[in-house]
Amino acid sequence: MGKNEAFAPNFLDGKTVVVSGGTSGIGLAVAQGFAGEGARVLATGSSERRLDDARSSSSGTITFSKLDVRDGAAVDRYFADLPTLDVLVNCQGIARPDSEWDEDVFLDVMDVNLSSAMRLSRAAFPLLRKNGGSIVNFASMLSYLADESVPAYTASKTGIVGLTRAMAHKYGRDGVRVNAVAPGYHRTEMTKPLWSQPDSEAKIAERSALKRWGTTEDLVGPILFLCSPAAAFVTGVTLPVDGGYSVG
């Protein structure tokens, strides 16, 4: 396949994409990015308010559904009802700063951020295998760094890197590729306490190689690449998308 063919603008036409955690922030931007390239996009979330907000802002181009990724039976039912699937993006994630040292909170964050990626991927695999599909997981710059206020978030995102490698080898023999992206500091509601303060905003921008914060849209292109024919021999990789922050 030549370069031009690999990057054909219609490579997502007729494809079905599920974006878990796709009702706000980065997940919604990713869902909109796939939809903009012609894919049929199904986005899930657990908050009724965010589902309603997402529906009103997406002009009917994306189908939004409620799904609790901690509920294994619900996850299985969701994928059993799909006729086909080409891409799964595991964008679901939470952080509970300063509360994650409590065991119950720790386990809940681990379940949403790490265990659910395994749960959704296993349920989606039979459909992905039929189409030679791909999975993209969400790691983080905290897969490589540390933040004492979010031990569960740090541990779960570190675990995503290992899970991605293991799933790449498990599913690769059936033609399913598994990769991850590791975002840095992007302007979202989760990071608003930092970017809304001039001192912390400037300090973080200065450490990055590009001297700025990321946007949600900065993650769309790398994810589209990982799901495209251009990345046909790329699997088991975690791609940092942090403006060079983690190597600063």
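Bear in mind that the values in this text are calculations on the coordinates, not laboratory data. Since the structure is predicted, the reported quantities are computational estimates derived from the model, not experimental observations. Positions of Cβ are generated from backbone atoms using ideal geometry, with glycine treated the same way; all protein chains shown enter the neighbour counts.
Here are the numbers:
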item	result
Relative counts (whole %) of C-alpha pair distances in the chain, using bins that are 10 Å wide	8, 32, 39, 19, 3, 0
Residues whose placed amide H lies under 5 Å from that of Val237, excluding near-sequence neighbours	Ala180
Neighbour-count ranking [beta-carbon atoms within 10 angstrom, fewest first] of His169, His186	His169, His186
Taking Val30, Val75 and counting other C-beta atoms within 10 Å, the order from fewest to most	Val75, Val30
Extended-chain gain in nm, criterion 0.36 nm per residue less alpha-carbon gap, Asp68 and Arg173	34.8 nm
Relative exposure of Ile204, Ile26, Ile160, judged by other C-beta atoms within 10 Å (fewest first)	Ile204, Ile160, Ile26
Nitroxide proxy distance, nm - points 7 Å out along Cα→Cβ at Glu148 and Arg129	4.7 nm
Two-decimal log10 I(q)/I(0) for region 174-239, as the Debye equation yields it once each C-alpha is a single scatterer, q = 0.16, 0.19, 0.20, 0.21 Å⁻¹	-0.64, -0.77, -0.82, -0.86
Added length on full extension, which subtracts the Cα-Cα distance from 0.36 nm per residue, Ser196 to Phe225	7.3 nm
Cα Rg, Dmax, region 1-71, angstrom units	13.5, 45
From phi via Karplus (6.51, -1.76, 1.60), per-residue ³J(HN,Hα) for region 56-70 in Hz, x at Gly/Pro	6, 9, 10, 6, x, 7, 10, 9, 9, 9, 7, 8, 8, 5, 7
Most fluctuating residue given options Asp76, Asp53, Asp102, as computed from a GNM of the chain linking Cα atoms under 10 Å	Asp102
Amide H contacts of Ile94 (H built 1.01 Å from N, under 5 Å, at least 5 apart or other chain)	Asn113
Within a Gaussian network of the chain (alpha carbon springs, distance under 10 Å), most fluctuating of Asp174, Asp68, Asp52	Asp52
The chain: relative contact order as a whole-number percent, Cα under 8 Å and 6+ apart	19 percent
Ellipsoid semi-axes in whole angstrom, largest first, where each is sqrt(5λ) of the Cα gyration tensor of region 45-90	20, 15, 8
